[in-house]
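The structure under discussion appears below in the form of structure tokens.
The values are calculated or read from the model by the stated rules, or taken from the named source; none is laboratory data. Source: prediction; values computed, not measured. FYI the Cβ positions are ideal-geometry reconstructions off the backbone, even for glycines, and counts take in every protein chain you see.
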Amino acid sequence: MEVVPLASVSEVASVAASVVESLVRSAPACVLGLATGSSPVPTYAELVARHRAGTGPSYDGVTCFLLDEYVGLPLGHPQSYRATIARELTDALGLPASSVHGPDPTDPASAGADYEAALTAAGGVDLQVLGIGSDGHLAFNEPGSSLASTTRIKTLTDETRRDNARFFDSASDVPQHVLTQGLGTILRARHLLLIATGAAKAPAVAAAVEGPLSASCPASVLQLHPHATVLLDPDAASRLARADHYRAVYESKPDWQGL
Ligand code: GLP
């Protein structure tokens, strides 16, 4: 795992956007895995700004897969992850809805197996953008999720419903059920890019990066992945015991190595 403590939220967005662009330039038909939530929003805004400025790559050949989706929202609800990702990123990059896939919340019983089959048919995810929940959840894999899990229905914890209440009128309006890629699904992506910013994420980041591998901190599965990159602002990095070493590693990294 490569942990990269950066100077600001905007530097995190800029570095993350460059990782996405460099993949799309080198592999124009790549598969991007997209997270929703607040953490990747500045990165998506940066990608859109570069695209509009004409400095970004063409996204015409790119296919996208969402990490997760709420179950029970009316079709087209603005807080559905499908609507959110179109609004925040894919519409602005010129990607048609047919190139953006998500687990089907209208058929939660079959959605998991169908989504796994769709991911396999697409050749798997090349780069998976991730956030982390304040309780250490990854996608919507709450603490206790199997480290080998695949896409399935899950029940949100009260903590996650409270965290996500800011997108709804109240916590009780946040759906109780969701569909999420499993931790085993996420581990199959070829490169994991976790973005965490803000002090509220510091304990979860420390547990995921420096704590034991445990279903109690689902994001600790990153420790099993051969190519995981963790981009942090100073607040999110503030509880890491080895932050100085991670900074030194990043600063002395050979240019040819990239992220
Ligand atoms: C949300 C999403 C995750 C996200 C995480 C952190 O509930 N389902 O995909 O990465 O929890 O969210 P945020 O970035 O808003 O803090």
| request: Pick out the one residue from Gly133, Gly76 that is of a type outside the set (A, V, I, L, M) and under 21 Å from Ala219 (Cα atoms). | output: Gly133
| field | Those residues of region 183-207 which are of a type in the set (Gly, Ala, Ser), surrounded by 18 or more Cβ atoms within 10 Å (Cβ to Cβ) and within 13 Å of the ligand (Cβ to nearest atom), in sequence order | value | Ala196, Ala202, Ala204
| Are any of the residues in region 236-243 under 21 Å from Ala16 (Cα atoms) and either of a type in the set (Val, Ile, Thr) or within 18 Å of the chain's Cα centre (by Cα) (or both)? | yes
| said: For region 156-175, check the following and say yes or no: at least one residue is closer than 18 Å to Leu32 by Cα, assigned to a loop (DSSP other than H, G, I, E, B) and modelled with pLDDT of 95 or more. | reply: no
| query | Out of Leu147, Leu193, which single residue is in a loop (DSSP other than H, G, I, E, B) and of a type outside the set (Lys, Arg)? | reply | Leu147
| How many residues does region 157-175 contain that are surrounded by fewer than 14 Cβ atoms within 10 Å (Cβ to Cβ) and within 24 Å of Ala109 (Cα to Cα)? | 3
| request: Can you run down the residue pairs with Cβ atoms below 6 Å, 6 or more apart or on separate chains, where the first is in region 122-134 and more than 9 Å from His191 (Cα to Cα) and of a type outside the set (Val, Ile, Thr) and the partner is within 14 Å of the ligand (Cβ to nearest atom) and in a loop (DSSP other than H, G, I, E, B)? | output: Leu130/Ala35; Gly131/Ala35; Gly131/Gly37; Gly131/Ser39
| request: Would you be able to say whether some residue in region 177-194 is aliphatic (A, V, I, L, M), at pLDDT 95 or above and closer than 19 Å to Ala7 by Cα? | output: yes
| field | Condition check for Leu32: touching a Leu at 6+ places or on another chain (Cβ under 7 Å) and surrounded by 22 or more Cβ atoms within 10 Å (Cβ to Cβ) | value | yes
| said: For region 239-259, give me each residue that is outside any helix (DSSP H, G or I) and buried (at least 17 other Cβ atoms within 10 Å of the Cβ). | reply: Arg239, Leu240
| field | Count - residues of region 73-100 that are farther than 18 Å from Arg52 by Cβ, buried (at least 19 other Cβ atoms within 10 Å of the Cβ) and not basic (Lys, Arg) | value | 5
| request: Spot the failing condition for Leu224; the list is (1) over 23 Å from Cys64 (Cβ atoms); (2) buried (at least 16 other Cβ atoms within 10 Å of the Cβ), and only one is missed. | output: (2)
| query | Tell me, which residue of region 138-156 that is within 12 Å of the ligand (Cβ to nearest atom) and closer than 24 Å to Ala228 by Cβ is surrounded by the fewest Cβ atoms within 10 Å (Cβ to Cβ)? | reply | Glu142
